[in-house]
Amino acid sequence: MKRELKVEKKMMGKNDGGSGASDRDDRPGEPTQPPKVSRRGVLRLFGMAAAGAAPLILLPPVLQKASDAGRVVESQGEPAKGPGGRIRQWTMIIDLRSCDGCQSQGTPPQCTTACVEGHFAPEPMEWIQIFEHELPGGGTQFIPTPCQQCQNPPCVNVCPVAATFSTPEGTVLIDQDRCIGCRICMAACPYDRRFFNWGDPPVPPEALLADYSPEHQVPAKKGTVMKCDFCPDMVRAGTLPFCIQACPNDAIYYGDLEDDVATNGKEIVAASRFLSENQAYRLKEDKGTKPRVYYIPGHGEAVGRDTADEGRLPTEWPWVERVKGAKTWRR
Amino acid sequence: MEEMSSWRQRLEHTITAPLLNTSRIYYLWIAFLLVVIGWGVYAFYGQLNDGLIVTDMRDRISWGLYISTFVFFIGISHAGTLISAILRITQARWRTPITRLAEFITVVALSCGAIFVIVDMGRVDRLFNIILYGRWQSPIVWDVLAVTTYLTGSIAYLFLPMIPDMAFLRDRLAGRVSAWRLRLYSILAVGWVGNAAQKRNLGSAMTVAMLLILPIAVSVHTVVSWIFGMTLREPWNSTIFGAFFVAGAIFSGIATLIIVMAILRKIYHLEEYIHEKHFIYLGYMMGAFALIMIYANISEFLTTGYKLEEGVEFHFNQLFREEYAGFYWFYMLGGLVLPGLIILLPWTRNFWGILVAAVFVDAGMWVERYFIVVTGLRVPLMPYEPSSYSPSWVEFSIMAAGFALFALLISIFVKIFPIMAHWEVEEDYELSLASAAPAPPPGAAAEPAGGAN
Ligand code: SF4
Ligand code: SF4
Ligand code: SF4
């Protein structure tokens, strides 16, 4: 099942690659730009030089050629549209009542494992990480934490080169072909949701088949930042993200706020009612980041977990072992 | 009259001696610096190959020694331009023998600092993306602009007052130094002959440069602080950060100036021009800034500590009692209180006392930059165990190379350019003769005394 999915995702990447070469210009804040140094780019170059950046432009232009920065990243898909042509607004609703950190399975959290496998996320990246949070009266709850897809995203605000950007679908993506590795976005993210390729990331042979796209971030690139991408290419093709498919307790819902619908693969709910009736909240609301990921309070009670059952199994990266000479690092 | 001409001769000798004679020790010193730099380059080469994995930075403490060293260098760059501009604007006449050095420290420190941002990048090969895709919204772009503007401005500000000196060397050293050097001097002298029109133009150019450089210098360290201040990290979430960093920058800048002055004074026998009083005046300025820094510390920690929002308690513990307590208290007591005391107490307020204070200030300020960066990132954002960070040998090597480069550039500079602004010193001397009050020049005492209150 998982295998198939992966192939499907790769195909998606390819398809998008064909049609998407010019779609990249859809970024908000990055108006249409032909795939080369545009006039605007040149103007900006002069503007900056005039403003005193002289020492920078004196550097040999060879550097620029050597980098693949000028290349346009392909295959960021056309935004998904709902009925009436409205752009879908992706959301995730995580029902903590059903999350037991996969204790009942006796496995590491399956969402993390599936995401790691599906994206070849290098060890120790857990794009969706299960944090164990202490409860006021003792005991713990598990909080699966993907990128919160903030609507006022601090990471996007600080990125000097728009390598991190907001999409029309309300998600936040990273273009690893543009990222310069300054890591200010890691300092800015209040949810600890960004991961850096400190060394040469291990790349299995099958990952090389995938056309790179910020929508799936395969293959990983040294010296750049990665995080949960919300799997937009998968959902556009009609499949749920890896993490949701893999959850044995169906704790995670994915949906479209515009169409007011969400599903965990088993049942379909009206997103707004579901959120309201279950007192959903978002992490660190007070930071003003306006996440697109909602939580329904709970501690796994729906699947029979006791708050006193502390601890979950640590995440594993079995695929990394298949890559010869793979380098990993501590978190 | 005779006294005057012998004074002139001595000044000329002092100015030209370093340019004409070079000792063996100098070459050894340069060789030593080159070795340190070479080692750093080797370490950096390894880092380019293997990635930042060779550092001890990781996802949770994702900035470390490089960024702190960057902040420190940008800080000491305020030694020069800012201090010399302040002194020029206030027309403190005792400034004349020290402005040149101060301005040069600025240019060198800025260049060294800029290197560290580049060293810290995960993708150095994409440096140009900052220009190709630069976004005005990003504090990093503010920084690039501010630092390059300040660098350009500082070079201009270093160059302008050097023009008459270049002409002087062009004329005096003809036949005594190699041809390329003379050519350099005559190019840099831009046809200076010292007529009234040229003097007037130079004067107004310098005034303009001076007025421009002050806000630029303030903005530079402000935006450096905003790299941190614009994030949602609790310890950096402070409105005082910009002002605090600027004060710290000037503070460490003065200390660096004192140290470099003391060393060069000794080596090149500048005792006749740079007196103990220069150190004491700069000491007063440093003392004033020590007080400002202590005030800023109290203001910042009291306002956050009183309320003790989430994360602040953890931060206070790591800073005052646990992992980083050694750093913090060294900075507070050794870097702020001790130098303040040395300057306040009359029996330690002398050349050696001020020099020791300056060394402590620089050490303390470096430590401060370090723990601001690291502890700020260390406060956990989610329920996880706090990370640890201790720089790797690669990071230390590259940092050492940075300091060696700083020393190297200054060492080379004093061999090519006059260490003091010859014409300004001369002019000052003439003025003091004319006013027949050779002892303390009038503007001198009032200004720093006011600052030390
Ligand atoms: S590390 Fe990359 S994505 Fe993050 S702010 Fe820097 S350039 Fe942008
Ligand atoms: S959770 Fe972090 S990485 Fe994700 S959008 Fe928000 S700030 Fe950016
Ligand atoms: S949405 Fe996709 S990228 Fe994000 S955690 Fe789930 S599987 Fe991973």
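The values are calculated or read from the model by the stated rules, or taken from the named source; none is laboratory data. Every value quoted in this text rests on a predicted model; they were computed, and no experiment measured them. Virtual Cβ from ideal backbone geometry, glycine too; neighbours counted across all protein chains shown. The accessibility values were calculated without ligands, DNA or RNA, using every heavy atom of the protein model including side chains. Shrake-Rupley method; radii C 1.70, N 1.55, O 1.52, S 1.80 Å.
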**Prompt:** Across peptide B:56-66, what mean number of C-beta atoms from other chains lies inside 10 Å of a residue's C-beta?
**Reply:** 4
**Request:** Please report the relative contact order for region B:233-386, taking Cα pairs under 8 Å with a sequence separation of at least 6, and give it as a percent rounded to a whole number.
**Result:** 34
**Asked** If the limit is 22 Å between Cα atoms, which of A:Lys227/A:Lys324; A:Lys227/A:Lys290; B:Lys199/B:Lys266; A:Lys221/A:Lys290 go over it?
**Response** A:Lys227/A:Lys324; B:Lys199/B:Lys266; A:Lys221/A:Lys290
**Message:** I'd like to verify something in chain B: which complete DSSP H helices, judged by Cα projection on the helix axis, reach 30 Å or more and average at least 0.5 on the Kyte-Doolittle scale?
**Reply:** B:24-50, B:99-120, B:196-229, B:241-267, B:276-307, B:351-378, B:393-416
**Asked** List the aspartates and glutamates whose alpha-carbon lies under 19 Å from that of A:Lys81, not counting same-chain residues fewer than 8 positions away?
**Response** A:Asp16, A:Asp23, A:Asp25, A:Asp26, A:Glu169, A:Glu215, A:Asp229, A:Asp233, A:Asp256, A:Glu258, A:Asp259, A:Asp260
**Message:** Once you keep just the Cα pairs under 8 angstrom separated by 6 or more residues, what percentage relative contact order results for region B:39-158?
**Reply:** 28
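Other chains' Cβ within 10 Å of A:283-294 residues: what's the mean?
On the way: counts 1, 4, 0, 2, 1, 1, 1, 0, 0, 0, 0, 0.
Mean partner-chain Cβ count within 10 Å for A:283-294: 1.
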**Prompt:** Mind checking the dipole of region B:233-386: about its Cα centre, +1 per Lys or Arg Cβ, -1 per Asp or Glu Cβ, Debye to the nearest 20?
**Reply:** 420
**Item:** Most positive-pole-ward Cα, B:Ala290, B:Tyr328, B:Trp352, against dipole of region B:233-386 from beta carbon charges
**Value:** B:Trp352
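Report the charge-dipole magnitude of chain B in Debye, nearest 20, computed about the Cα centre from +1 at each Lys and Arg Cβ and -1 at each Asp and Glu Cβ. Please list the in-between numbers first.
Working: 29 positive and 32 negative charges, 209 e Å.
Charge dipole, chain B, about its Cα centre: 1000 debye, nearest 20.
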**Request:** For the B and A pair, go ahead and give the buried accessible area with a 1.4 Å probe, both sides summed, in Å² to 100.
**Result:** 5400
**Prompt:** For the protein assembly as shown, with only Lys/Arg (+1) and Asp/Glu (-1) charged at the beta-carbon, what is the dipole magnitude about the Cα centre, in debye rounded to 20?
**Reply:** 2300
**Asked** Arranged from highest to lowest average of other beta-carbon atoms within 10 Å per residue, in what order do the peptides B:63-73, A:165-175 appear?
**Response** B:63-73, A:165-175
**Prompt:** Cα convex hull of region A:193-252: mean projected area in nm², to one decimal?
**Reply:** 5.1
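Just checking the output field for B:139-145: average partner chain Cβ neighbours within 10 Å of each residue's Cβ?
Values: counts 6, 7, 6, 1, 2, 7, 5.
Per residue, the average neighbour count from other chains is 5.
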**Asked** Could you state the number of Å between the C-alpha centres of region B:6-70 and region A:279-319?
**Response** 50
**Item:** Options B:Trp63, B:Gly364, B:Val141, ranked by Cα towards positive dipole end of the protein assembly as shown, top entry (Cβ charges)
**Value:** B:Val141
**Prompt:** Normalised by the number of residues in region A:161-206, what is the relative contact order in percent for Cα pairs under 8 Å and 6+ residues apart?
**Reply:** 24
